[in-house]
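Let me begin by presenting the structure, written as structure tokens, before commenting on it.
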Amino acid sequence: MAQPGRLGAGSPAQNGAVSAAGPPYSNGPVQNPLKHSQVSVSQGYSSPFPGSYPHQIPAKTPLDPSSGPCNYGGSQTVSSLNSYQGPGQTLNRLPLEPNPVAPLQSTIPIPRMPPPPSSQTPAAVPASSDSFLYGPDPSPSSNWQYGHLPVRSKTNNFVPVSTQPSLSGNTNLSRNNQCVSFGAPSLQNNYMKTGSVPPPTNQPLPTIYQPIQAPLGSPPVRSLDPQKKTSNSVPSQPQLNSAVNQEGGISAANNDSVGESSYDTIEGGGFMAAPQLTNQNPKMNRNVGYSYPSLPPGYQNTSPNMSGRPSTTLQYTSGLQPFSQSPLGANHLTTSMGGLSLHSEGLRVINLLQERNMLPTIPLKAPVPNLHEDIQKLNCNPELFRCTLTNIPQTQALLNKAKLPLGLLLHPFKDLVQLPVVTSSTIVRCRSCRTYINPFVSFLDQRRWKCNLCYRVNDVPEEFMYNPVTRVYGDPLRRPEVQNATIEFMAPSEYMLRPPQPPVYLFVFDVSHNAVETGYLNSVCQSLLDNLDSLPGNTRTKIGFITFDSTIHFYSLQEGLSQPQMLIVSDIEDVFIPMPENLLVNLNENKELIQDLLKTLPQMFTKSLETQSALGPALQSAFKLMSPTGGRISVFQTQLPSVGVGALKSREEPNQRSSAKEIHLTPSTDFYKKLALDCSGQQVAVDLFLLSGQYSDLASLGCISRYSAGSVYYYPSYHQQHNPVQVEKLQKELKRYLTRKIGFEAVMRIRCTKGLSIHTFHGNFFVRSTDLLSLPNVNPDAGYAVQMSVEENLTDIQVVSFQSALLYTSSKGERRIRVHTMCLPVVSTLNEVYLGADVQAISGLLANMAVDRSITASLSDARDALVNAIIDSLSAYRTSVLSSQQPGLLVPFSLRLFPLFVLALLKQKSFQTGTAARLDERIFAMCQVKNQPLVYLMLMTHPNLYRVDNLSDEGALNINDKTIPQPPILQLSVEKLSRDGAFLMDAGTIMMLWVGKNCGQNFLSQVLGVPNYASLPLNMTHLPDLDTAESSRIGSFISWLREHRPFFPILYIIRDESPMKAAFLQYMVEDRTESALSYYEFLLHVQQQVNK
């Protein structure tokens, strides 16, 4: 039994993930014992389930006065796919060795403060734990653990699962598998930067090609002997139920393979999936030059720099050239950052009780890894790929000691201005772990390269010698794959299980009486009419429509009909598809019929008195209709489903809205999860638009999107006449939704250097074959997160790498692979770990973990675990790093905003108490936490506040000939407001402009268009378009803030008497409320706990 309140191995396998069966893989005493997180079907997910601190941590005192002690009890077990397990995904593996493992000795945590006499815990339930567990171990600790130890276990935690997925290739893995070196000299490049810590600025994404250029093609006709293709036969009718892992190539030792039948085998096996030759304990010569990669003597540095890589344009020299680098001495091998300038700001110790105003006035940048500047230039843009710790701890023990979570946050399909696209018949990948060649591999010579994840030496195919930029044969170092950390490949036929699917869009509309009353069909149908020509696709694009109330209505759009034909199915107990060949039709060939239907739909049901809603049967019908092709289902729902399968009953109790107790965050049925898993197996994603003023059980309905890689949109109290603000929001968001880029039948795998392992995923998807994310649809607004641990010591290496590979079908029918690679240094001291902490990424990962904790345990348990995450890390810093125990709350400079961000999370709608937030609104906020990219998640958690009545052009940006002012960011406190100013709050999904009573006449007239303050309307949501410099400045600034957001933020103009004023003040994170502490009070509470 897992201990309550911890995210460990006992945590459920979420998003339908099954616990991984079979042994963990270990590769013996390799030179650099790095664990590779990407695993094949056979390896399962690399996280030996025992994982915790080796010692017990006392439970903390709950912070929130309203939440009481967090005594959650109950077991969490890995269950079958069909039972709901919550929005994260924890996968666990059993130890390789059959030796019995002694159980952990149970100890009782000592509370830091005695619990109150009243307890929320049922009788005979274990004591609560109120911190997060960062590794998958169910041992009884009271913390959120940050990793796991691979040899400790509790007995009788898991029943071994025998259904291990099959693997194409050699499945005979043993602990003695080694990386092959073919007798080549070992080469280790020095990545570490000497000197001071680099300034905290983001490097732009390195790009080579202008977006208007065509994809880079294969070389001209020339006698080549390219590598053999990985697959010669592709099944014409694959089994889509198992079609999940296509993101890589087959992991056979010689790259020869028969036709494959699942995405997993096509995507490539996991680490060490191919048979390996052994080379016992190869040692690396660490005294190697710092340049990367090093060049043979025959290469001349003669041509200008390209895309950020140092000038190393090379003349092609035939034959193998040995590398002869002269060692640069120990002073160039900065394996530890202890030698960095001690005056660096990063090493400052901050007393937060004396220096509370640590919020920067410009947007907070991601920390820059301490790598050599030539390597850092090539690193992945942190907006796409980001780690919570930019200095990776050498051991799990060091990570445990730091009490910080190790994880990655990804935005893999983000819209990019420039993206190198390569078309080649040969995609160069490691033959062992299937890593794509990238800027951080080592070239031993012109013909061999060493993988930066598993260290296998691979041959360079001759075609890779061709430079598509200069169109001549030269050196592989000039290839775009080795010049760019983000790149996209046009995938050859080996990466397809079937011909690429056409874009298929199915719209499912609720047309019950309640839905018709809201008038939403007018807006949706009009938006569709306006954007039909902008739907992503080509001549193969298909579209269809279903409406439902207590029955289901299909629409035949057969060519030749004068008008659409409605087909009604009243048997909702056993739904079937009438005339399936005419319900999904070609958009271009039937555009007139489609337009006719969209124009008539809003009026067709205006007199309907049918109040029932058969959402479940409607979704079943949509699934049956879409199964042959896959695609996207967009469902619009306005009430609680009431008839047929999936019918729900109201569970909201208004008098408990403000409490952290007994609120229904879990689904009431597994119907929607099961259906989502069926959809995922057939490459169908479901996006849910909920437009409801009443409780609609989003906790249950949201499963249909969560597990099918869809999105959730929520419009509370939507009404065409009574709530025009929501109407505008729906129209704006629908336009982006309908026209944004989309990828179909996608899979994603994240790989990391051998020695590291991933144990939990967060986001909207389903995990198949242990570590492969199934994404029937992928969109540019979706973010993902993973938790990691250090499974093998990283003592022999300087850097580790992470790579995400997203294989998808574009709306144009092209199979593409988007690859992001990130390189980070390895450190050996606790001070260096804290130095490289990314406080935004840490906060984002903790927010994802807290959502899981709220669902699997309780809201109060999650809140206490968030607080204890600060207490644990700052206590460890105080006791293990600081030499003298000074008074105050001492934090490293990198974590100076950690308490502020956690306090903001506690006041965020997902986790706040003491407010009458609707249950569906809380669930929707949690959905956003799990699915939003980090930049938007942080904005929703800790908004930006600007003073805008005195905007100037000083420091302004110039974008497309528009001047964008850049006012400083202010602290979120009423102390920063003044009655003679106007202040803009940007909270991501909402904006509020507060106008002070004594605001200057110039701003009122030149921006707001009113003669005086009294003339300002109470419910103003738009700024007038005035022909003044002031109006132009603030208009440009707000438009710039809104740009490219997944959600359209409505702007509310607020005066003192406005009903929105309370909401504006609610975002003032640093101020005290009736149910939450102020920032200073929170710091005092944390100090009291840390200094115990």
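Here LYS1092 passes the criteria (1) surrounded by fewer than 16 Cβ atoms within 10 Å (Cβ to Cβ); (2) under 30 Å from GLN885 (Cα atoms); (3) without any contact (Cβ under 8 Å) to a residue 60 or more places away in the chain except the one numbered (3).
Condition check for VAL684 on (1) open to solvent by 40 Å² or more (accessible area, probe 1.4 Å); (2) touching a Gly at 6+ places or on another chain (Cβ under 7 Å): one failure, at (1).
Yes or no, residue by residue, for (1) open to solvent by 20 Å² or more (accessible area, probe 1.4 Å); (2) closer than 23 Å to MET938 by Cα:
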residue: SER1005; (1), (2): yes, no
residue: PRO1011; (1), (2): yes, no
residue: LEU1016; (1), (2): no, no
residue: ASN1019; (1), (2): yes, no
residue: LEU1023; (1), (2): yes, no
residue: ALA1062; (1), (2): yes, yes
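Scanning the range 987-997 for residues that are at pLDDT 95 or above and either open to solvent by 50 Å² or more (accessible area, probe 1.4 Å) or assigned to a helix (DSSP H, G or I) (or both) returns no hits. The condition (being at pLDDT below 95 and over 42 Å from the mean Cα position of the chain (by Cα)) is satisfied by just one residue among ALA1014, ALA1029: ALA1014.
Of all residues in the range 798-818, those satisfying the criterion of being over 28 Å from LEU846 (Cβ atoms) and either open to solvent by less than 10 Å² (accessible area, probe 1.4 Å) or assigned to a strand (DSSP E or B) (or both) are GLN798, LEU807, TYR808, THR809, SER810, ARG815, ARG816, ILE817. Quick one: would you say PRO943 is at pLDDT below 95 and touching an Asp or Glu at 6+ places or on another chain (Cβ under 8 Å)? For PRO943, the condition - at pLDDT below 95 and touching an Asp or Glu at 6+ places or on another chain (Cβ under 8 Å) - is not met. Strands (runs of 3 or more DSSP E) fully within the range 724-783 that include at least 1 residues being open to solvent by less than 20 Å² (accessible area, probe 1.4 Å) and more than 23 Å from GLN803 (Cβ to Cβ): none found. Taken together, SER493, SER534, SER512 contain a single residue that is modelled with pLDDT under 95 and among the hydroxyl-bearing types (Ser, Thr, Tyr), which is SER493. Listed here are the helices (runs of 4 or more DSSP H) enclosed by the range 859-944 that have at least 3 residues being surrounded by fewer than 24 Cβ atoms within 10 Å (Cβ to Cβ) and more than 24 Å from the chain's Cα centre (by Cα): 859-880. Within the range 573-590, the set of residues being open to solvent by less than 70 Å² (accessible area, probe 1.4 Å), more than 37 Å from the chain's Cα centre (by Cα) and closer than 23 Å to GLY616 by Cβ comprises PRO578, MET579.
State which residue is farthest from VAL643 (Cα to Cα) when the search covers only the range 548-568 and only residues that are surrounded by 13 or more Cβ atoms within 10 Å (Cβ to Cβ) and in contact with a helix residue (DSSP H, G or I) (Cβ under 7 Å, 6 or more places away or on another chain). Looking at the filtered set, the residue picked out is LEU561. Could you check, for the range 497-507, whether at least one of its residues is touching a Ser or Thr at 6+ places or on another chain (Cβ under 9 Å) and polar (S, T, N, Q)? Within the range 497-507 (the criterion being touching a Ser or Thr at 6+ places or on another chain (Cβ under 9 Å) and polar (S, T, N, Q)), the answer is yes, since at least one residue qualifies. Residues that are assigned to a loop (DSSP other than H, G, I, E, B) and in contact with a Lys or Arg (Cβ under 7 Å, 6 or more places away or on another chain) within the range 668-694 comprise just one, SER668. Kindly indicate whether any position in the range 358-374 is surrounded by 24 or more Cβ atoms within 10 Å (Cβ to Cβ) and part of a helix (DSSP H, G or I). No, the range 358-374 contains no residue that is surrounded by 24 or more Cβ atoms within 10 Å (Cβ to Cβ) and part of a helix (DSSP H, G or I). Scanning the range 591-622 for residues that are surrounded by fewer than 21 Cβ atoms within 10 Å (Cβ to Cβ) and within 30 Å of ARG498 (Cα to Cα) yields a total of 1. Looking at this structure, is ALA397 open to solvent by less than 10 Å² (accessible area, probe 1.4 Å), of a type in the set (Gly, Ala, Ser) and at pLDDT 95 or above? For ALA397, the condition - open to solvent by less than 10 Å² (accessible area, probe 1.4 Å), of a type in the set (Gly, Ala, Ser) and at pLDDT 95 or above - is not met. Of the residues making up the range 1069-1083, those that are open to solvent by less than 30 Å² (accessible area, probe 1.4 Å) and in a helix (DSSP H, G or I) are TYR1079, PHE1082, LEU1083. With the structure loaded, tell me whether ARG706 is in contact with a helix residue (DSSP H, G or I) (Cβ under 8 Å, 6 or more places away or on another chain), within 21 Å of GLN639 (Cβ to Cβ) and basic (Lys, Arg) or whether it fails that test. Yes. Inspect all residues belonging to the range 1026-1036 and state whether any of them is open to solvent by 50 Å² or more (accessible area, probe 1.4 Å) and either assigned to a strand (DSSP E or B) or closer than 30 Å to LEU416 by Cβ (or both). Yes, that holds for at least one residue.
The values are calculated or read from the model by the stated rules, or taken from the named source; none is laboratory data. Just so we're clear, the structure is a prediction, and the values are computed from it rather than from any experiment. Methodologically, a virtual Cβ is constructed for each residue, glycine included, from the backbone with ideal geometry; neighbour enumeration extends over all protein chains shown. Side chains are part of the model used for accessible areas, which takes the heavy atoms of the whole protein and leaves out ligands, DNA and RNA. Shrake-Rupley method; radii C 1.70, N 1.55, O 1.52, S 1.80 Å.
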